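Read the structure below first, then the notes.
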Amino acid sequence: MSEISEDEVRREVRAWLAENWDPNLSLLAWRNKLADSGWGMPQWPRQWYGRGLPARMVRIVEEEFAAVGAIGCLRGGIGRLAAAVLLEHGTDYQKQKFLRRIITAEDTWCQLFSEPGSGSDLAGATTRADFDGKNWIINGQKVWTTSAHHAKWGTLLARTDWDAPKHEGLSYFILDMKQPGVDVQPLRQMNGHASFNQVFFNDAVVPPEHLVSTVNNGWQVAVTTLAYERRFAADIARPSRRGPREGRIYEEERAETATVMEPYKWYPQRAGRVDLIIERARETGANHDPVVRQEIARLMTLAQAAEWTARRARAAQSQGRPQGPEGSLGKLAASHVARGCARVHTMITGTAAMLTGADSPRNGVIAEILVSVPAVSIAGGTDEIQRNIIAERVLGLPKEPRFDTGPFRNIRRN
């Protein structure tokens with residue numbers, strides 16, 4: 001059977017939108033239509049609310065949605081990561097229970113990975129999961145958890161075997177964040193936002209059917225999560241701007257953006273806002289400075305090369321190839337682009353880049369860029385972690401000597 005063409009996909013989605021799109025629908029009613037039709041996540045399998053299309057066709061669908069101002073699924077946030085992991089590692093029960101409600105955004109998610117003593121060394125997690133014969137009982141602490149303050153579910157990495165080596169004694173769970181044994185405490189960032197939280201578990205309960213994959217295979221599931229996280233890092237969805245954006249569905253989307261997407265609104269600044277560089281240079285006159293022009297050219301070259309790397313990763317995905325090192329290459333490139341943006345924004349704006357508030361350049365956006373950019377080199381795996389991955393998996397260099405082998409309970413740790 002020949003593969004469907006881009007023109008066929010375009011005609012099909014265009015006809016479906018003509019028959020179904022209505023800005024006066026509720027956001028939930030519309031997203032239920034997306035789940036039923038498969039157009040919300042067309043790259044997902046047909047049996048799990050998709051249409052089984054190659055990943056490259058997603059762009060065609062998005063273009064047709066944008067042409068009429070139609071709203072798609074909530075593509076940002078941890079729910080998207082959870083869905084990708086469940087599609088690869090989850091049971092049919094888990095897919096049936098969680099995937100549709102991720103599409104409709106009825107459930108929000110967070111990722112319970114990092115701990116005070118195991119951030120970059122994720123495999124050193126000490127939050128424990130003990131099976132009492134009926135349920136898994138969770139005790140410990142996580143930190144830097146985005147959206148935990150309003151999440152319904154969390155993807156949790158916890159230690160289930162203290163006598164196994166550190167990477168082999170972890171398991172991956174789906175945890176109910178609204179139960180009594182979970183205490184969420186927000187953390188304030190230096191850019192003024194409070195996207196992150198620390199989370200404490202005191203005899204929190206996870207039923208056995210919420211174990212993802214098998215006991216002690218959590219590290220493999222976590223690696224899948226991180227690979228997708230690096231791929232999705234720069235892909236926080238923005239609402240369609242075409243058309244008058246009047247109607248119930250747009251009002252509800254704006255409310256959703258103000259709540260569910262609130263923790264992510266500074267992410268464009270975290271990435272450096274390369275889109276503002278040339279515009280800012282022109283409005284300040286810095287484009288006449290040959291040194292600044294040279295730095296802008298260097299930055300734009302790097303940004304374009306990073307985009308090509310991202311396209312190569314998407315092409316590999318569309319061909320069904322497994323997650324490769326492109327995620328780490330792209331993640332590291334994003335760090336270099338972000339830091340380059342901070343440097344060039346500072347050159348363009350000068351000392352005024354330190355000002356915040358209504359009287360500062362771009363209403364405080366430039367200052368927010370400067371204090372947000374460092375996060376890119378930390379979140380989702382530090383630059384040092386990405387360099388290790390690239391060195392070992394791309395360049396074939398030997399692994400660094402390890403001093404944390406043997407039973408985890410015997411390993412020195414924080």
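The values are calculated or read from the model by the stated rules, or taken from the named source; none is laboratory data. These numbers come from a predicted model, not from an experiment. Neighbour counts are summed over all protein chains in view; Cβ atoms, including those assigned to glycine, are modelled from backbone coordinates with ideal geometry.
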Could you run through region 73-118 and say how many residues are touching a Lys or Arg at 6+ places or on another chain (Cβ under 9 Å) and more than 30 Å from ARG128 (Cα to Cα)? 4
Give the number of residues within region 254-283 that are more than 17 Å from ARG343 (Cα to Cα) and touching a Gly at 6+ places or on another chain (Cβ under 9 Å). 6
ASN287: passes all of (1) in contact with a helix residue (DSSP H, G or I) (Cβ under 7 Å, 6 or more places away or on another chain); (2) in contact (Cβ under 8 Å) with a residue 12 or more places away in the chain but (2)
Check region 96-104 and report whether any residue there is under 20 Å from TRP153 (Cα atoms), touching a strand residue (DSSP E or B) at 6+ places or on another chain (Cβ under 6 Å) and not hydroxyl-bearing (Ser, Thr, Tyr). no
Scanning region 262-288 for residues that are among the aliphatic types (A, V, I, L, M) and within 12 Å of VAL344 (Cα to Cα), which turns out nearest to the chain's Cα centre (by Cα)? VAL274
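Considering only region 390-414, state which residues are closer than 28 Å to ARG128 by Cα and in contact (Cβ under 8 Å) with a residue 12 or more places away in the chain.
GLU400, ASP404, THR405, GLY406, PRO407, PHE408, ARG409, ILE411, ARG413, ASN414
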Please return the ranges of helices (runs of 4 or more DSSP H) entirely within region 246-326 where 2 or more residues are among the charged types (D, E, K, R) and modelled with pLDDT of 80 or more. 248-259, 277-284, 290-318
Condition (residue is under 30 Å from ALA286 (Cβ atoms), part of a helix (DSSP H, G or I), free of Cβ contacts under 8 Å to residues at least 40 places away in the same chain and touching a Pro at 6+ places or on another chain (Cβ under 6 Å)) applied to region 339-356: is it met by at least one residue? yes
Within region 216-244, restricting attention to residues that are assigned to a loop (DSSP other than H, G, I, E, B) and modelled with pLDDT of 80 or more, which residue is farthest from MET41 (Cα to Cα)? ASN216
Inspect region 343-354 for any residue being touching a Leu at 6+ places or on another chain (Cβ under 6 Å) and at pLDDT 95 or above and give the result as yes or no. yes
When region 203-215 is checked residue by residue, the ones that are in a strand (DSSP E or B) and crowded, with 21+ Cβ neighbours inside 10 Å are ALA204, VAL206, LEU211, VAL212
Is region 162-175 home to any residue that is within 23 Å of the chain's Cα centre (by Cα), assigned by TED's automatic domain parsing to the domain that holds THR225 and of a type in the set (Lys, Arg)? no
Search region 128-156 for residues being of a type in the set (A, V, I, L, M) and crowded, with 20+ Cβ neighbours inside 10 Å, and hand back the single one that is farthest from ASP183 (Cα to Cα). ALA129
State yes or no: is ALA316 over 30 Å from HIS193 (Cα atoms), not aromatic (Phe, Trp, Tyr) and not assigned by TED's automatic domain parsing to the domain that holds ALA164? yes
Would you be able to say whether some residue in region 402-409 is in a helix (DSSP H, G or I) and surrounded by fewer than 19 Cβ atoms within 10 Å (Cβ to Cβ)? yes
Need the failing condition index for GLY181 against (1) over 19 Å from GLY140 (Cα atoms); (2) out of contact with any helix residue (DSSP H, G or I) (no Cβ under 9 Å at 6 or more places or on another chain), just the number. (1)
Name the residue that is farthest from ALA258 (Cα to Cα), counting only residues in region 73-110 that are touching a residue at least 40 places away in the same chain (Cβ under 8 Å) and of a type in the set (Gly, Ala, Ser). GLY90
